[in-house]
Amino acid sequence: MTFRSNDIYTGDAYLKNKPTWDDEGSGWKAGIIHSILQSNGIHCQTMVEIGCGAGGILKELSTLNPSIKELKGYDISPHAIALAKEKQDEKISFFNIDFVNSHEPGADVLLLIDVIEHIDDYYGFLNKIRDKSKYVLFHIPLDLSCRNILKPQTIFLQRKLVGHIHYFTKEIAEWTLNDTGFEIMDWVYTKPMLDIEPPKTFKESIKKVLRNFSFAINKDWSAKMWGGYSMLILAK
């Protein structure tokens, strides 16, 4: 049977595994997005998110930055857009449209948060969106780590449950964007929920201590060793 990543989202598979569409992570993601835009002096009037899911990030950003006049979210999943439309207001709107293959207008800032690892031809995708905005923010999970290479079932689980079909390190993410004509302006590592939320078990608490100690000593080494981290990248 041929694997088609889009089927996970347009069908019921992702909804069954993630009934909230991971919307609970929207707050901290929006906070980091807002912070990197502010620190680079970027003040936008319009914002578009491709693969907006349940729409929580745009909703949070609208609150964090009231000066944004228009925010639009696009997703190929009708289930995600049904959830997102509950958040619509006079500034925010959501569409069950394949943005890249449509004639929808671009924006000052384009968001691609946890998207490119799901796309079959992600080089072709990146080439198509390059001229859709002045600035693009990417959030890319760094699934390739020593731990995950030694435990490939972890990567397979990501593939099966959430549709990750491409895998990145910090360097591969940077090379990919450079290859497709983007100029990286700024970037930060983001931590997994394991390192952010209070641990639920003693084993989780030990993991959290070790991971956070490692990250404090050497961020690059920690990301390559333990995995679970992502990069938020501001590019133009």
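Worth pointing out:
- Restricting segment 199-214 to residues that are part of a loop (DSSP other than H, G, I, E, B) and of a type outside the set (K, R) leaves a set whose member that is modelled with the highest pLDDT is T201.
- Candidate set: segment 89-126, residues that are modelled with pLDDT of 95 or more and polar (S, T, N, Q); chosen: the one least open to solvent (accessible area, probe 1.4 Å): S93
- Here V188 qualifies as loosely packed, with under 15 Cβ neighbours inside 10 Å and either out of contact with any Lys or Arg (no Cβ under 8 Å at 6 or more places or on another chain) or modelled with pLDDT under 95 (or both).
- Segment 191-215 - residue that is of a type in the set (A, V, I, L, M) and free of Cβ contacts under 8 Å to residues at least 60 places away in the same chain and, of those, least open to solvent (accessible area, probe 1.4 Å): L194
- One residue stands out among those in segment 30-54 that are out of contact with any Leu (no Cβ under 8 Å at 6 or more places or on another chain) and outside any loop (DSSP other than H, G, I, E, B): the one that is farthest from K69 (Cα to Cα), which is S39.
- Candidates I217, I172, I233 - the one that is under 14 Å from the mean Cα position of the chain (by Cα) and either modelled with pLDDT of 90 or more or closer than 22 Å to G31 by Cα (or both): I233
- Within the option set L83, L64, being touching a helix residue (DSSP H, G or I) at 6+ places or on another chain (Cβ under 6 Å) and open to solvent by 40 Å² or more (accessible area, probe 1.4 Å) holds for one residue only, L64.
- Members of segment 170-185 that are hydrophobic (A, V, I, L, M, F, W, C), buried (at least 18 other Cβ atoms within 10 Å of the Cβ) and part of a helix (DSSP H, G or I): A173, L177
- Scanning segment 216-235 for residues that are open to solvent by 60 Å² or more (accessible area, probe 1.4 Å), assigned to a helix (DSSP H, G or I) and free of Cβ contacts under 8 Å to residues at least 60 places away in the same chain returns A216, I217, K219, D220, W221.
- Strands (runs of 3 or more DSSP E) within segment 85-163 that include 2 or more residues among the acidic types (D, E) and touching a residue at least 24 places away in the same chain (Cβ under 8 Å): none
The values are calculated or read from the model by the stated rules, or taken from the named source; none is laboratory data. Keep in mind it's a predicted model, so treat the numbers as computed, not measured. Heads up, the Cβs are rebuilt from the backbone with ideal geometry, glycines too, and the neighbour counts pull from every protein chain shown. Just the protein is used for accessible areas: all its heavy atoms, side chains included, with ligands, DNA and RNA removed. Shrake-Rupley method; radii C 1.70, N 1.55, O 1.52, S 1.80 Å.
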